[in-house]
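Undergrad: Submitted below is the structure of interest, expressed as structure tokens.
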Amino acid sequence: MLIVPEALIADLVSAEDAFTAVEATFAAMSKKDAYNFPVVREALGEGRQYGFKSGLDRAGAVLGVKAGGYFPGNAAKGMINHQSSVFLFDPDTGRPQAMVGGNLLTALRTAAASAISIDRLARGDARVLGMVGAGHQATFQLRAAARVRKFEKVIAWNLHPEMLPKLGAIAAELGLPFEAVDLPGMIEADVIVTITSSPAASLMAAHVRPGAHLACMGTDTVGKQEVEAALVAKARVFTDEVAQSVTIGEAQHAIKAGLIAADQITPIGDVITGRAAGRKSADEITLFDGTGVGLQDLAVASRAVERARERGVGQSVTV
Ligand code: NAD
């Protein structure tokens, strides 16, 4: 098996690679060529979360699991809070094929999912990008969003305002003016990315203008929430996987409150394959509930392994 350590990933997989790989994965899910296994996610106490996301892509011959989670004490120790590793197996024999550092890959595949939703669902004339959240993932989200629309300005809110300058620096790098706003100020945004670990709604229906697209990316566990359930109910809802959206995604709260039903949520893969319509009018609010599926991790890890093999990097071990 090949070990591809975290330090090699930046040279092996680009944001563009992740976009292409994740889009193909969502399409494979729509065609039922690929499916995710149920997520295992456990609370370890003190805010730590640990679990497994796994799946099988029959068409791509990819089988594997991402093991990892969220450890909020890491930042104080000089590490990022998200920590994960991806393991790939031969789908015919079950033999281990690779172990791949999953931290950067997680950020790339998560940002790719949100960018795919913006690409497919946001209005073509979107000019103001709103960011809710300014942690580790937010920087990747901002870069990925900027690749799919011609934004002219970034506005941002974060519960911890001292984190905003880091996001502002990315906007400056991209040549975009950056402004810190309060939550009602998000009304100016054409696209809003939410990427926080919040346990309660920050963004309310009154903060979102008609025609906006929301990529809600932070809620990936029971009990997290970034936007008001009434806002989810007001929007046309899309997701990576309906089963995850209604249980661990942003839609869990609107579902629990009986405001929407699972069959009102459209897999983004169906939009990509043309099986479902995307945005239907300039004024409707579209909302992508990005829960993060195992197949996304396997897709980008496979890309890393492919490139590592081509370049003769990584470490081969017999297990
Ligand atoms: P981080 O720890 O670097 O940043 C956390 C962010 O949440 C910061 O902006 C912080 O200010 C904000 N925050 C913390 N507590 C809050 C509260 N009570 N109310 C509002 N905001 C609050 O984390 P990160 O790596 O950037 O991850 C952000 C979230 O995204 C986490 O919940 C993580 O689990 C989730 N995530 C989702 C996916 C996916 O595929 N959907 C992938 C990776 C991470």
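Undergrad: With +1 assigned to the C-beta of every Lys and Arg and -1 to the C-beta of every Asp and Glu, and no other charges, what is the dipole magnitude of region 120-292 about the Cα centre in debye, to the nearest 20?
TA: Dipole magnitude for region 120-292 comes out near 400 debye.
Undergrad: As an exercise, use a Förster radius of 22 Å and the Cβ-Cβ distance of Lys256 and Leu44 to find the FRET efficiency, rounded to the nearest 0.05.
TA: Approximately 0.35, to the nearest 0.05.
Undergrad: With contacts defined as alpha carbon pairs under 8 Å and 6 or more residues apart, what's the relative contact order of region 120-292 in percent? Numbers along the way, then the final one.
TA: Working: 385 pairs, mean separation 39.1, N = 173.
Relative contact order here is 23 percent.
Undergrad: Whole-Hz ³J(HN,Hα) for each residue in region 2-15, computed from phi via Karplus 6.51 cos²θ - 1.76 cosθ + 1.60 with θ = phi - 60°, x for glycine and proline: what do you get?
TA: 9, 9, 10, x, 3, 4, 8, 4, 4, 7, 9, 10, 9, 4
Undergrad: Another question, if that's okay. Distance check, please: which entries in Lys150/Lys256; Lys150/Lys234; Lys66/Lys234 exceed 30 angstrom between their Cα atoms?
TA: The answer is Lys150/Lys256; Lys66/Lys234.
Undergrad: Taking the Cα centre of the chain as the origin, how large is its charge dipole in debye, to the nearest 20, when only Lys and Arg (+1) and Asp and Glu (-1) carry charge on their Cβ atoms?
TA: 240
Undergrad: Please give me the summed charge of the neighbours of Asp125: other residues whose Cβ is under 10 Å from its Cβ, Lys and Arg +1, Asp and Glu -1.
TA: Residues close to Asp125 contribute a combined charge of +3.
Undergrad: Quantify, in whole percent, the carbon and sulfur part of the accessible surface of the chain (1.4 Å probe; protein heavy atoms only).
TA: Carbon and sulfur: 55 percent of the exposed surface of the chain.
Undergrad: Determine the dipole magnitude for region 123-168: charges of +1 sit on the beta-carbon of Lys and Arg, -1 on that of Asp and Glu, nothing else is charged, the reference point is the Cα centre, and the result goes in debye to the nearest 20.
TA: 240
Undergrad: Can you pull the semi-axes for the chain, root of five times each eigenvalue of the Cα gyration tensor, sorted largest first, whole Å?
TA: 30, 22, 19
Undergrad: Report, in deg cm²/dmol and to the nearest 500, the calculated mean residue ellipticity at 222 nm for the chain, where each DSSP H run with n ≥ 4 adds -39500 (n - 2.57) and the sum is divided by the residue count.
TA: Mean residue ellipticity, 222 nm, calculated: -10000 deg cm²/dmol.
Undergrad: Just add up the charged neighbours of Gly64: K/R +1, D/E -1, any other residue whose Cβ is under 11 Å from the Cβ of Gly64.
TA: -1
Undergrad: Relative to the compact-globule scaling 2.2 N^0.38 Å, provide the ratio for the alpha-carbon radius of gyration of region 120-292.
TA: Compactness ratio reported: 0.95.
Undergrad: Sticking with this structure for a sec: Would you work out which of Ala98, Gly51, Ala18 lies farthest towards the positive end of the dipole of region 1-100, given +1 charges on the beta-carbon of Lys and Arg and -1 on that of Asp and Glu, about the Cα centre?
TA: Gly51
Undergrad: Which of the GluC sites (Glu not before Pro) found in region 85-186 are in a DSSP loop and have at most 13 neighbouring Cβ atoms, other than their own, within 10 Å?
TA: Numbers: sites: Glu152, Glu162, Glu173, Glu179; in loops: Glu152.
Sites meeting the loop and neighbour criteria: Glu152.
Undergrad: I'd like to check one number: the per residue accessible area of region 1-134, probe 1.4 Å, reported in Å² as a whole number. Please report the intermediate quantities before stating the final value.
TA: Details: 5590 Å² over 134 residues.
On a per-residue basis, region 1-134 sits at 42 Å².
The values are calculated or read from the model by the stated rules, or taken from the named source; none is laboratory data. Since this is a predicted model, take the numbers as computed values, not measurements. Note that we place each Cβ from the backbone using ideal geometry, even for glycine, and neighbour counts take in every protein chain shown. Each accessible area value is taken on the protein alone, full model and side chains, heavy atoms only, with ligands, DNA and RNA left out. Shrake-Rupley method; radii C 1.70, N 1.55, O 1.52, S 1.80 Å.
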